[in-house]
1. What residue, of Phe295, Phe302, is surrounded by fewer than 16 Cβ atoms within 10 Å (Cβ to Cβ), under 29 Å from Ala50 (Cβ atoms) and in contact (Cβ under 8 Å) with a residue 40 or more places away in the chain?
2. Inspect the range 309-324 for any residue being in a loop (DSSP other than H, G, I, E, B), touching a residue at least 12 places away in the same chain (Cβ under 8 Å) and under 21 Å from Asn154 (Cβ atoms) and give the result as yes or no.
3. Can you tell me which condition Pro335 does not meet? The list is (1) crowded, with 20+ Cβ neighbours inside 10 Å; (2) within 24 Å of Met137 (Cβ to Cβ); (3) within 20 Å of the chain's Cα centre (by Cα), and all the others hold.
4. Anything in the range 230-252 that is under 21 Å from the mean Cα position of the chain (by Cα) and of a type in the set (S, T, N, Q)? List them, or say none.
5. Among all residue pairs at least 6 apart or on different chains, which show Cβ distances below 8 Å where the first residue, located in the range 161-174, is within 13 Å of Tyr260 (Cα to Cα) and the second is in a helix (DSSP H, G or I) and modelled with pLDDT under 95?
6. Go through the range 60-169 and tell me which strands (runs of 3 or more DSSP E), entirely inside it, have 3 or more residues that are within 21 Å of Phe360 (Cβ to Cβ).
7. Looking at the structure I just gave you, is Ser138 closer than 28 Å to Gly40 by Cα and either at pLDDT 95 or above or surrounded by 24 or more Cβ atoms within 10 Å (Cβ to Cβ) (or both)?
8. Determine if the range 347-369 includes at least one residue that is within 24 Å of Glu294 (Cα to Cα), polar (S, T, N, Q) and buried (at least 16 other Cβ atoms within 10 Å of the Cβ).
Amino acid sequence: MKRQKLLLVMVNAISIALLIVVALDVPNARGQSSKPIEVGMTTDMSGPTANNGLLESNAVKVYIDQVNKAGGIKGRPVNFRVTDNGADPTKIIGQLKMFKDRDSCVLVNAGTTTTVVSAAKTWGEQNKIAVVSSSAMSDILDTKGTKSWLFRTNCPNSGVIRAALLSMKNKGYKKVGLISTTLTWGTDALATMKEYTPQYGLQFAGYELLEVKSKDAAIQVRKLKGTGVEALLNLDYAAENGVWARGFKQVGWSPYIVSYDAEIGMSLTMYPAELFEGWDVVGLFNPKKPLLAEFWNQYEKFTGKRSETSQTARAADGGRIMMEALKLADNPDNPESIRDAFYKINIPLVLGREGAMVNFEIGRNYTLKPEDLLIITIKNGKFVYPK
């Protein structure tokens, strides 16, 4: 009898203990927890493209703040950590390792240069953690034939180049060329432009690449003028765009130039507007688009500053897809589940034409396609959009 009573007491004790454990773990049993979801961002808040990093990190914060105010993801807050990589690829791996090992981040955002994002892409593949980039354009970042661990909201070089080549062709130019940076963005653009130019019935006649922080481009401009180039695609960073523009003024040469709105938009705040008068620009966004106008209002309210730039717009899409992937993930603590969730996203893009949608596919790890872009013109220091 004593033995039976002792056994009954033990069974009751175990049952109570199990009930306590279940009660304490009810949120987990429902797929929820009070533990924050950790998300990291490494970007350049110092270095040659520091302004991009500051704008983009604030844009991502806008959406994380909105998600947290609305109750978080599955009832859990999102904790956002930001570090400065100074556009130095040797720093980013250590920062990403810290995000993973120390902070338990399940998703990261990397910016802004292609060189840095390329290192982040390799790290993401090795560590099975999704990386989002709002800046990098290089086609070397494509992932073909398999699901990607890198997701981009900027248009790749090939999309911008194809839109520019079509504009050159439509205007009747035959001999075309490139001016760009010596960094990976520029060397990749050179290879891509050479590949696509014949498809538009055009001749690639010459190119020049400029070192970061160069102060003069007159020599490069004179060389290009001597090749007989009639139209140029300009893909360079904001500071160097002004150096190129001064070079054209010095040489007295005015070829047809198509540039890229993200960097030219910043150039117009740094240099006299007349340097860029008449340049055409491949545009990533339409400021009249309601979703974009709404975001810029939210950005101003959050930061206290107005920033109607491509940098903030493309980072808005970056922040949105990050939060959407966490919402759609079967398990927001599982990086592979988060990676698979990116392929389920079907929401309107802040960037691009009206009606452009986020719809990642295997073999295309970027959102903006050539048909989503616009050709705009610089007049009196402002972008003039097609009607």
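The values are calculated or read from the model by the stated rules, or taken from the named source; none is laboratory data. Remember, it's a predicted structure, so these values are computed and weren't measured experimentally. Note: ideal-geometry Cβ built from the backbone for every residue, glycine included; neighbour counts use all protein chains shown.
1. Result: Phe302 is the single residue among Phe295, Phe302 that is surrounded by fewer than 16 Cβ atoms within 10 Å (Cβ to Cβ), under 29 Å from Ala50 (Cβ atoms) and in contact (Cβ under 8 Å) with a residue 40 or more places away in the chain.
2. Checking the range 309-324: at least one residue is in a loop (DSSP other than H, G, I, E, B), touching a residue at least 12 places away in the same chain (Cβ under 8 Å) and under 21 Å from Asn154 (Cβ atoms).
3. Here Pro335 clears every test but (2).
4. Of everything in the range 230-252, those that are under 21 Å from the mean Cα position of the chain (by Cα) and of a type in the set (S, T, N, Q) turn out to be Asn234, Asn241.
5. Ile161/Ala189; Ile161/Thr192; Arg162/Pro370; Ala163/Pro370
6. 107-110, 130-133, 150-152
7. Taking the combined requirement at face value, the residue satisfies it.
8. Yes: the range 347-369 contains one or more residues that are within 24 Å of Glu294 (Cα to Cα), polar (S, T, N, Q) and buried (at least 16 other Cβ atoms within 10 Å of the Cβ).
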